[in-house]
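Report on the structure given below.
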Amino acid sequence: MDFDLDPKEFEDTARAVMEACAEAAPPARARLLAEAGLIGVAAPETIGGLGLPLDFAVPVVAAAGEGLLGFPLMEAMLVARALAEFDAAEAEAVITGETTVTIAWQGVAEDGVVGAAPMGETVDRVVIFRADGSAVLARIGATIAPRRGATLDIETPEARFVLTGQLDGIELSVDAVETLCSDAMVLRSAFVRGSAEKCLALAVEYAQDRSQFGKPLSANQVIRHRLSRDKLATETMRNALARALTEVPGGDVHLAREACWLATARAGIAVAESAIQVFGGMGFTWEVPLHRHLRQMRTQAQAGGVAEKTEALGQRLIGASTNAWYGEIANVV
Amino acid sequence: MDFDLDPKEFEDTARAVMEACAEAAPPARARLLAEAGLIGVAAPETIGGLGLPLDFAVPVVAAAGEGLLGFPLMEAMLVARALAEFDAAEAEAVITGETTVTIAWQGVAEDGVVGAAPMGETVDRVVIFRADGSAVLARIGATIAPRRGATLDIETPEARFVLTGQLDGIELSVDAVETLCSDAMVLRSAFVRGSAEKCLALAVEYAQDRSQFGKPLSANQVIRHRLSRDKLATETMRNALARALTEVPGGDVHLAREACWLATARAGIAVAESAIQVFGGMGFTWEVPLHRHLRQMRTQAQAGGVAEKTEALGQRLIGASTNAWYGEIANVV
Amino acid sequence: MTTQERIERSYEPGAYAAQARGWIETNLTDALRTDRATQEASLAEKIAFEAAQHEAGLVGITWPVEYGGHGLGLREHLEANREIGLSPMPNAVNSIGKELAGPIIMTVGRDDQKRDLLPKILKMENIWCQGFSEPGAGSDLVALRTRAEKTADGWKVNGQKIWTSGASKSQYCLLLARTGSADDRHKGLMLFAVPMESPGIDVREIVSIDGARSFCEVFFNNVMVAEENMLGAPDEGWAAASRVLSIERATNRMYRSWRFESEIDHLVAACRSDNRTYQILKGYSAEIAQARIAVENLKGHVETMVADLLNGQQIGPRGSLPKLYWSEAHQRWAQMAYEVTTRFPLDGGQALTDARARFETIYLASRAETIYAGTTEIQLDIISKRILNLKKAA
Amino acid sequence: MTTQERIERSYEPGAYAAQARGWIETNLTDALRTDRATQEASLAEKIAFEAAQHEAGLVGITWPVEYGGHGLGLREHLEANREIGLSPMPNAVNSIGKELAGPIIMTVGRDDQKRDLLPKILKMENIWCQGFSEPGAGSDLVALRTRAEKTADGWKVNGQKIWTSGASKSQYCLLLARTGSADDRHKGLMLFAVPMESPGIDVREIVSIDGARSFCEVFFNNVMVAEENMLGAPDEGWAAASRVLSIERATNRMYRSWRFESEIDHLVAACRSDNRTYQILKGYSAEIAQARIAVENLKGHVETMVADLLNGQQIGPRGSLPKLYWSEAHQRWAQMAYEVTTRFPLDGGQALTDARARFETIYLASRAETIYAGTTEIQLDIISKRILNLKKAA
């Protein structure tokens, strides 16, 4: 494994591929991504991946968010990594783009219906979670039928699946699913960061180009400060992501990942909303891509369970008192 | 009753009295207020009041908030009005300033300790609520002993009372207490409005006078917009107060009062905090009176139970569905 | 409504509201209701419904009887709007006609224009669109470039308008054009009533954020407009429009606060239809309370404004206050309501499906609320300059 | 800390933290703890404690050994600050000495100045105050009016400073004065190390919002300052100070995010001491989560900055990011925490009394956090100008 590589070097490659994908029909995108080696960036070399750490997937997924990629790339990356130990052949098929996969992020098999599966209508297989924490990669078909539901995201329309029969497929262990979900928080944050940074870049460009009352919009202090706050937000995402990928003495990587995702999800939406405001009347037209970014970030927030995870974190924080200095005064019975 | 009077005409009088009070020692303030007829503005004529509607008390209490009056004026007004039907002589003594009173806004007698009583250490009597919704106006003494607690407010320091004996005094019925508490929401809003408008006026003045980088602070668009938002907040208070005093067809005066108070309390604090920011380094000195306003508004918010009342309102709103168009779809069991 | 000259009739407090409520309950069909996910009435049905609303006394309330109005006061207008807001009625197709063109015509129109144009607005014979904004000239009219050139046959108009809501379904355009050179800045502006069937007008639809085709670009290419279609004298029309705009900002869509209230009730009721969802809703009770408080505050703004107008006071820049307050509070609410609906269980019932569809639309549309009719930044500029009189130089 | 020239020693990851933690647990007495309502250590006790901290390796961590420091790296500095933040240690009495005067002296001081002044800062022999701000010249140094006039006996200083934290207990003032005329704007500014015992210096205390007497006005009336007390050449000292300020903005009080974390833990633990209060706390779990998320984000800013500095990168205007983020997030937290404490029952125990007192102080002090060390508005101006490069004219 060549650790001398720098994750940033993947950025330009990834961007170029995303641009190619934007020109291509949806089915061709898997091939384009696979050919550039992007699906397998962080998958083991044994199954045809590049065997790099998750850090290297970050700029790739960020470029997908930035480029409004219409393909469940993050899901493919996660499934390939998870499959490596359970079905190497299938994992390789995902990396080569031969098999397309998605993940039903909402609900568990036991509900009889699972949802929030990007492009669930057009891919080959879907990961369905189980109540016990394990999951199955199942073939989409008659007993696992995709239905187009309410979908805010236009790039990768979400589907739900009504489960009417036995759930057959490749089993993923509880541990594998746990890693998958933890890594998903990182990659989702990267996706949203890419999308939010694009919104900010568009807003900055517009504010400098558009003249009103004889001066550029960017001469207005409120516009300047708004954009500066948005910049603070995207830099916060960057630093939180760096932290979510590093072990620090005294640190808690799980909390760091959770905090990164929860903050990034909300901030990304706010940056898109803010950019729309900067664009004024242009901001709420279909033609300016800001609404597409807003839609995909809102969809990510939902699929990534931001509201639920924030509530759970709050409960966890008030549910115990383990601080060395204050643990002793807590005596709720 | 001369209803041709305009509440606004009381403003100037009230302001002048507040200025006199600021020069006077605390005990003399009751006399000054009583002499100007301010304590009895909205009390029945039978007990020496002016017999005007509550609308006329609004500018008086607003002037108290504006002028950082160190006297529980609102409490005296409320107690005088409530006492009229139970003990006319005592009510008159309150209006003439002979008896000074306060109200313990926090807790009930059954707790054994009640608090949030402005100037509880220096007045003669205190209204103590009971769990059944009634109250007692009790003489302060050995069995109802005031203790100085944590007090943020500097103008009218709060006290709490530890109750160690029988609670004797003039009984106020459940109905009378209900009216008192409802009217308190109006007067408290008026007090906070006066305080907030003063903060805004100080900030506006400072922003125009203070020059930085060769131009007045008020030339900065962010400062202009900040002050404009604060103006929106104080105008919202004004309009909400007008509404809290008027019966409208299809309106709900209780909800209007509650909404007025809850919005005013939070907005008032925000206006004071905002003014401190406009003042910059000067804002957080003891000498600029902004912190005094912030302190008294925070104290009002607490005594007026903003957090508790907001939670209760939220519970009430989701606890039933009576809307004519949507009532039928609600079937929570 | 502020163009009202005299109140010809009046009702007992509450009576007009009751009448309006009764009519709505009878006539608002499921197909017209905006709180259903599935169907959508056709444009023709909406137009017919809007004409019927006028007959029933829900619109044109304060317009004089001789111009097709009902000759009532702002009080009745407020009462009817309360009921309109509380119901899931569709937004008006002809709002530009009723809220902008009508009041302007009433202010500066000749009597023959009034008698001809005003009743047709209310009867939905003429739908109007607004031709003010241009690419590069939104709030900043100095940059307005559409020109009207005087010729022997009338005015020849060339230029391009944008954000022209509903142009593709309109019979008339309220056009603002420049008769002098661009250097004249705010001078030389002329208002016209331009029939949309005039040769040389091209309309291109712009899809808005929520997927609706409500905005248009309108191109004027040597469009001839008759002398008699001028609204007011040069500059007079636009001056009147500016005054009308600031009053309308305060009084139009007076139903907004009640519609906001009804959205809260809708969300709560929908959540209460499902026990799991009700548990989720409990986590948002503080936000629900804040939204409801905002609704009451907004009513306070509207009611005070009506009382002041009835007392003969000028509204002036104060019209910015309710617009600003409403747009931001409603935007916050829409964000929160949409978040709740994304947490609905996948196998919930129709009530949840309806609510999710509605609040998705409301959320997306709410992004425009702080932009149209004067952005938040413009409103704050107005308040700082014209209410607080903040100086910009020492 | 960024003035560090070489790292002389280093520790295994985590080892320095463990050592710091052990020392704090042993030496932080109840009287010194800031989370107790009742007592307060004397200034002398705080000074002694701060000197002991230095001996124990908690301060001067990255300063060279020959100047009294520990010669360690930023990594150890970060580890120690983590432990300092997590404990209820009092704020430094000599923060100006350690965070501002020290690094500036290290950058522009003569070697004899370094050997004399630096160790005394760490040993708490010299407490420093900062003489930059003046009435009418806060962020805007163009307006600076304090003058230093060259005479045969040295510099003669006249003027007035404000916001001089801790001037009344200081031995030295880091004075910024103008040697030229006011028209020179940013030019002709000179930095001095002025002994506070110099004749002609008058100190008046200003009480701050939380009732503490931490700020002062300092009047200079024909104060003579020796030539050798110049820090750097004219303009050089101030240029260095500006650079140091922007780096310090990023790296000083590095413990803040962990102190913030510990405040959250304190509030939760206090509320958990009483069942009724715990019920109240449950209504704030979303806000607690948001505060904790902000803490993690803040750590992200700090740790990234340290990593970048260790990689030899410049921080420049990026120093504004953690200051801005911290001050606003902490202010929100302080508002919420204070609201919770006002709901504590009247007959709660000592834990609630302690927490209420602490969070009242934190709330009031937090109002200054968006003002001092560059207001929020200044930070946003820096970001828009120097990071986003937003233009002001076409």
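The values are calculated or read from the model by the stated rules, or taken from the named source; none is laboratory data. All of these numbers come straight from a predicted model, not from anything done at the bench. Here the Cβ positions follow ideal geometry from the backbone for every residue, glycine too, while neighbour counts run over all protein chains shown. Keep in mind that these areas ignore ligands, DNA and RNA; they rest on the heavy atoms of the full protein, side chains included. Shrake-Rupley method; radii C 1.70, N 1.55, O 1.52, S 1.80 Å.
Of A:GLY194, B:ALA301, B:ALA176, whose Cα points farthest to the positive end of the dipole of the protein assembly as shown (charges on the beta-carbon: +1 Lys, Arg; -1 Asp, Glu; origin at the Cα centre)?
Sorting the options by dipole projection puts first A:GLY194.
Where a ≥ b ≥ c are the square roots of the eigenvalues of the C-alpha gyration tensor, would you call the stretch C:194-350 rounded, which needs a/c under 1.5, or, failing that, prolate if a/b is larger than b/c, or oblate?
oblate
Kindly give the distances from B:THR164 to its copy-mates, label point to label point, with each label point 7 Å from Cα along Cα→Cβ, as nm values to one decimal ordered shortest first.
Distances between equivalent label points, in nm: 7.9.
Okay, helix-only estimate at 222 nm for chain A: each DSSP H run of n ≥ 4 adds -39500 (n - 2.57), divide by all residues, round to 500 deg cm²/dmol; what do you get?
-17000 deg cm²/dmol
May I ask which residue of D:ILE84, D:ILE61, D:ILE47 lies farthest towards the positive end of the charge dipole of the stretch D:15-91, with charges of +1 (Lys, Arg) and -1 (Asp, Glu) on Cβ and the Cα centre as origin?
Sorting the options by dipole projection puts first D:ILE84.
Can you pull out the buried accessible area for chains B and C, both sides counted, probe 1.4 Å, rounded to the nearest 100 Å²?
When B and C are taken together, about 4600 Å² of accessible area is lost.
Taking the rotation that carries A onto B, look along its axis and tell me which residue of A has the beta carbon nearest to it, distance in whole angstrom.
Nearest Cβ to that rotation axis, in whole Å: A:GLN221, 2.
Assuming a ≥ b ≥ c are the square roots of the Cα gyration tensor eigenvalues, decide whether the protein assembly as shown counts as rounded (a/c under 1.5), prolate (otherwise, with a/b larger than b/c) or oblate.
Taking the square roots of the gyration eigenvalues as a ≥ b ≥ c, the protein assembly as shown is rounded.
Can you compute the modelled spin-label distance between A:GLU171 and C:ALA239, with each label point 7 Å from Cα toward Cβ, in nm?
8.5 nm
Grab the beta carbon distance between C:GLN350 and B:GLU308, set R0 = 60 Å, and tell me the FRET efficiency rounded to 0.05.
0.95
Return the distance in nm (one decimal) between the two label points of a simple spin-label model at D:ASN389 and A:ASP6, each offset 7 Å from Cα along Cα→Cβ.
1.9 nm
Provide the net charge surrounding B:PHE279, with neighbours chosen by a C-beta distance below 14 Å and charges set as Lys +1, Arg +1, Asp -1, Glu -1.
Taking every other residue near B:PHE279 into account, the sum is -1.
When a/c is below 1.5 the answer is rounded, else prolate if a/b is larger than b/c, else oblate, so apply that to the stretch A:1-98 with a ≥ b ≥ c taken from the square roots of the Cα gyration tensor eigenvalues.
It comes out oblate by the Cα gyration axes.
For every other residue with a beta carbon closer than 14 angstrom to the beta carbon of D:THR26, add +1 if it is Lys or Arg and -1 if Asp or Glu, then tell me the sum.
Residues close to D:THR26 contribute a combined charge of -2.
How big is the dipole moment of the protein assembly as shown about its Cα centre under a simple scheme where the beta carbon of each Lys and Arg is +1, that of each Asp and Glu is -1, and everything else is neutral? Debye, nearest 20, please. Could you put the intermediate results ahead of the total?
Values: 150 positive and 190 negative charges, 523 e Å.
Roughly 2520 debye, rounded to the nearest 20.
Which value results when the Cα radius of gyration for the stretch D:127-279 is divided by 2.2 N^0.38 Å? Present the calculation step by step, with values, prior to reporting the outcome.
Working: Rg = 19.9 Å, N = 153, 2.2 N^0.38 = 14.9 Å.
In units of the globular-protein estimate, the stretch D:127-279 measures up at 1.34.
Distance check, please: which entries in C:LYS46/C:LYS114; A:LYS215/C:LYS114; B:LYS215/D:LYS385; B:LYS8/C:LYS299; C:LYS187/D:LYS385 exceed 29 angstrom between their Cα atoms?
With Cα atoms farther than 29 Å apart: A:LYS215/C:LYS114; C:LYS187/D:LYS385.
Just to verify a number: what accessible area does D:ASP347 come out at with the full protein assembly present, 1.4 Å probe, Å² rounded to tens?
Here the accessible area works out near 80 Å².
Could you please state how large a percent of the accessible area of the stretch A:29-108 is carbon and sulfur, counting protein chains only and using a 1.4 Å probe?
49 percent
From the label point of C:LEU310, set 7 Å from Cα along Cα→Cβ, how far away are the matching label points in the other copies, in nm, ordered shortest to longest?
7.1
Suppose accessible area is computed on protein heavy atoms with a 1.4 Å probe; arrange A:TRP286, D:TRP128, D:TRP23 from highest to lowest.
Sorted descending by solvent-accessible area, the residues read A:TRP286, D:TRP23, D:TRP128.
Give the residue from C:SER327, B:VAL271, C:VAL203 lying farthest towards the positive end of the charge dipole for the protein assembly as shown; charges sit on Cβ (+1 for Lys and Arg, -1 for Asp and Glu) and the dipole is referred to the Cα centre.
Highest projection toward the positive end goes to C:VAL203.
Taking the Cα centre of the stretch A:190-274 as origin, sum charge times position over the Cβ atoms of Lys and Arg (+1) and Asp and Glu (-1), and report the length of that vector in debye to the nearest 20.
Computed about the Cα centre, the dipole is about 280 debye.
On the rotation axis linking copies D and C, which residue of D comes nearest by its Cβ, and by how many whole Å?
D:ALA286, 4
To check my understanding: the extent here is largest minus smallest coordinate of the Cα atoms along each principal axis. What are those three numbers for chain A, in Å, largest first?
Sorted largest first, the three principal extents are 67, 62, 44 Å.
Each label point is 7 Å from the Cα along the Cα-to-Cβ direction; what then is the distance between the points at B:ALA24 and A:PHE86, in nm?
Those two pseudo-labels are separated by 8.1 nm.
How much solvent-accessible surface does B:CYS181 expose, in Å² to the nearest 10, with a 1.4 Å probe and all protein chains in place?
Using a 1.4 Å probe on the heavy atoms, I get roughly 50 Å².
Shielding by partners for A:304-312, please: the mean number of other protein chain Cβ atoms within 10 Å of each residue's Cβ.
That average works out to 3.
Counting only heavy atoms of the protein chains, get the accessible area per residue of the stretch C:128-233 (1.4 Å probe) and round it to a whole Å² value.
42 Å²
Taking the Cβ of D:LEU122 as the centre, find all other residues whose Cβ is under 10 Å away and add up their charges (Lys, Arg: +1; Asp, Glu: -1). Write down the numbers at each step before the final one.
Working: positive: D:LYS98, D:LYS120, D:LYS123; negative: D:GLU50, D:GLU55, D:GLU125.
Cβ neighbours under 10 Å give a net charge of 0.
List the distances, in nm to one decimal, from the label point of C:GLN279 to the label points of the same position in every other copy, shortest first, placing each label point 7 Å from Cα along the Cα-to-Cβ direction.
2.2
Would you mind computing Rg(Cα) / (2.2 N^0.38 Å) for the stretch A:89-199, counting N as its residues?
The value comes to 1.07.
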